[in-house]
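The values are calculated or read from the model by the stated rules, or taken from the named source; none is laboratory data. Nothing here was measured: the structure is a model prediction, and the numbers come from that model. Because the Cβ atoms are built from the backbone with ideal geometry, glycine has one as well, and the counts that use them run over all protein chains shown.
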Amino acid sequence: MFDKVRVRFAPSPTGGLHLGGVRTVLFNYLYAKKYGGDFIVRIEDTDQARLVAGAEKYIFDCLNWCGLVPDESALHGGPYAPYRQSERKDGYRKYAEQLVKNGHAYYAFDTPAELDAMREKLKSAGSNSLQYDHHVRMNMNNSLRLLPAETNTLLKSGTPYVIRIKVNPDEFVQFADMIRGEMEFDTNNVDDKVLLKADGMPTYHLAVVVDDYLMKISHAFRGEEWLPSAPVHILLWKCLFGLDEMPQWAHLPLILKPDGNGKLSKRDGDRLGFPVYAMDWIDPVTHDIAKGFKELGFLPEAFINLLAVLGWNDGTEQEIFSLDDLVDKFSIERVHKGGAKFDFEKAKWFNHEWIKKLDVEHYEKRVNEIFEEKGVSVTDARYLHQVMNLIKERCTLLTDFYTQGIFFFESPKSFDEAAVKPKWDEGKKEYFIGIICQFEELVTWEAVSIEELFKSSATQKNIKVGELQMILRVMLVGSKTGPALFIIAETIGKEETIKRIENALVVFNGAFNK
Ligand code: GLU
């Protein structure tokens, strides 16, 4: 039926890109790449009232950051251009008219006031559905009820109208979902959705079907929230192009709140203190910033990895997958039907795992930016690489490179005096005064020789070496944290080590001799 796998991600540019959206992109991408197919990004901007400035660019920036680059899109072009539905506007009407001609759709001239009145009437009659459907359509102002001559007069006089699908009652719409299996919908619950609006723009329902057909889409992966729209889409496929041409549907499970109670929303992220968008999203009207995973310090490798396993696994205990691994291992059969709970602690665990494997040269620029944002300029790239390799095991977020590494670039501004005070005495003070001279004379400034000298001097003076090491650490770092002590001394260099001991001695002397 289809010679090639062709999948599409079809976002409406209405705001930030939720992690569920990125997971939809990812599953589309993996499926396409696994089967040597094409991954298409089509911008669904037919609802012009909901468009948000900058949202389309933002979507492409997010995909670029994630490394999920489309083969065809509004940005990248391709043989089925244009890939922005507003630019395809003129092509949709003929399909809507064809449906009217074949009796599957009709013109509806109802004004907003008439529609309101219809709903009010249904409400006061105690109806639990306020839909425009087979129950009400014969009482409304449309071409099903009007005489053909009346309809023609209205059309000719330029009366605004929409085209609605005519859903027959008492039928079942069926399709096989790749994740959920056989699905069946009772048409009694499906309303006569608008297909073409009064301004000539198609609605999402018509546009999505026409474009999936014209762009030869073979598989359509989308979020579970689109399942209620599926019967309308299937009916349109049936009436317009035939079910043999229809893509295979896969409705992906929702990403749930951490407690499993409903879909994860931006509000949950705000409430619980974690991002739900891929990248920072600045609302162009309110200027509110919604935090993104990127800016928080996530690696795209980790972000992709954690999204892949939200609702999928490869059947083993493996949790860490690169994008190439995922292309290799992905199978739609192993996508779960049920929603997947989002766990931010687990998300951070993935990032930590990926940071441990970090290719420092690849991330030098980003880490440099993080230092710059804090007002620290790092000019020596080799030194930065050395530091990054030393501390990457200790970093969960990219931003931790600053907190964990700043002391390699700047002397501590304060010291953990509370840690040092109980261990401080005249003997220790003399020890450190003495070690300064010994360090000055040390020829090979390497961790092993520094350690040897430090320890032998402690033994000679009969002072507990553990206590001295803790104090030296506070002197060099400011706190009791950081990687191996003598590696720190080696890395910052002899002169700087001595300078920090001297500074600390002044501070401790002042603080502890009161
Ligand atoms: N435009 C829809 C959205 O905003 C796409 C749904 C679909 O993939 O069919 O998510």
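Within region 430-453, at least one residue is of a type in the set (D, E, K, R), within 28 Å of Val378 (Cβ to Cβ) and assigned to a helix (DSSP H, G or I).
If you go through region 407-423 one residue at a time, do you hit one that is in a helix (DSSP H, G or I) and without any contact (Cβ under 8 Å) to a residue 24 or more places away in the chain? Yes - at least one qualifying residue is present in region 407-423.
It is to be established whether one or more residues within region 284-293 are modelled with pLDDT under 95, farther than 28 Å from Leu51 by Cα and assigned to a loop (DSSP other than H, G, I, E, B). Checking region 284-293: not a single residue is modelled with pLDDT under 95, farther than 28 Å from Leu51 by Cα and assigned to a loop (DSSP other than H, G, I, E, B). Residue check: Ala49 meets all listed conditions (1) of a type in the set (A, V, I, L, M, F, W, C); (2) within 16 Å of the ligand (Cβ to nearest atom); (3) in contact (Cβ under 8 Å) with a residue 12 or more places away in the chain but one, namely (3). Scanning region 450-476 for residues that are in contact with a helix residue (DSSP H, G or I) (Cβ under 9 Å, 6 or more places away or on another chain) and among the polar types (S, T, N, Q) gives Ser457, Thr459, Asn462, Gln469.
Residue count for region 480-513 under the criterion of being among the aromatic types (Phe, Trp, Tyr) and over 15 Å from Glu417 (Cα atoms): the result is 1. With the structure loaded, tell me whether Gly126 is modelled with pLDDT of 95 or more, among the small types (Gly, Ala, Ser), exposed (fewer than 12 other Cβ atoms within 10 Å of the Cβ) and not in a helix (DSSP H, G or I) or whether it fails that test. So Gly126 fails the test.
Checking each residue in region 416-440 for being closer than 13 Å to Ala511 by Cβ, hydrophobic (A, V, I, L, M, F, W, C) and crowded, with 16+ Cβ neighbours inside 10 Å picks out Val420, Trp424. Looking at region 13-46, which of its residues are small (Gly, Ala, Ser) and either touching a Leu at 6+ places or on another chain (Cβ under 8 Å) or free of Cβ contacts under 8 Å to residues at least 12 places away in the same chain (or both)? Of everything in region 13-46, just one residue is small (Gly, Ala, Ser) and either touching a Leu at 6+ places or on another chain (Cβ under 8 Å) or free of Cβ contacts under 8 Å to residues at least 12 places away in the same chain (or both), namely Gly20. Just one of the listed residues (Asp244, Asp268) is assigned to a helix (DSSP H, G or I) and in contact (Cβ under 8 Å) with a residue 24 or more places away in the chain, namely Asp244.
Scanning region 461-485 for residues that are over 21 Å from Asp380 (Cα atoms), in a helix (DSSP H, G or I) and of a type in the set (A, V, I, L, M, F, W, C) yields Val465, Leu468, Met470, Ile471, Leu472, Val474, Met475, Leu485.
Please determine whether any residue of region 246-267 is under 16 Å from Phe172 (Cβ atoms) and small (Gly, Ala, Ser). The answer is no; no qualifying residue exists. From the residues in region 63-81 that are small (Gly, Ala, Ser) and either touching a residue at least 24 places away in the same chain (Cβ under 8 Å) or crowded, with 21+ Cβ neighbours inside 10 Å (or both), which one is nearest to Val41 (Cα to Cα)? Step by step, filter region 63-81, then rank; the result is Ser73. Looking at Val41, Val22, just one residue is touching a strand residue (DSSP E or B) at 6+ places or on another chain (Cβ under 6 Å), modelled with pLDDT of 95 or more and within 13 Å of the ligand (Cβ to nearest atom), and that residue is Val41.
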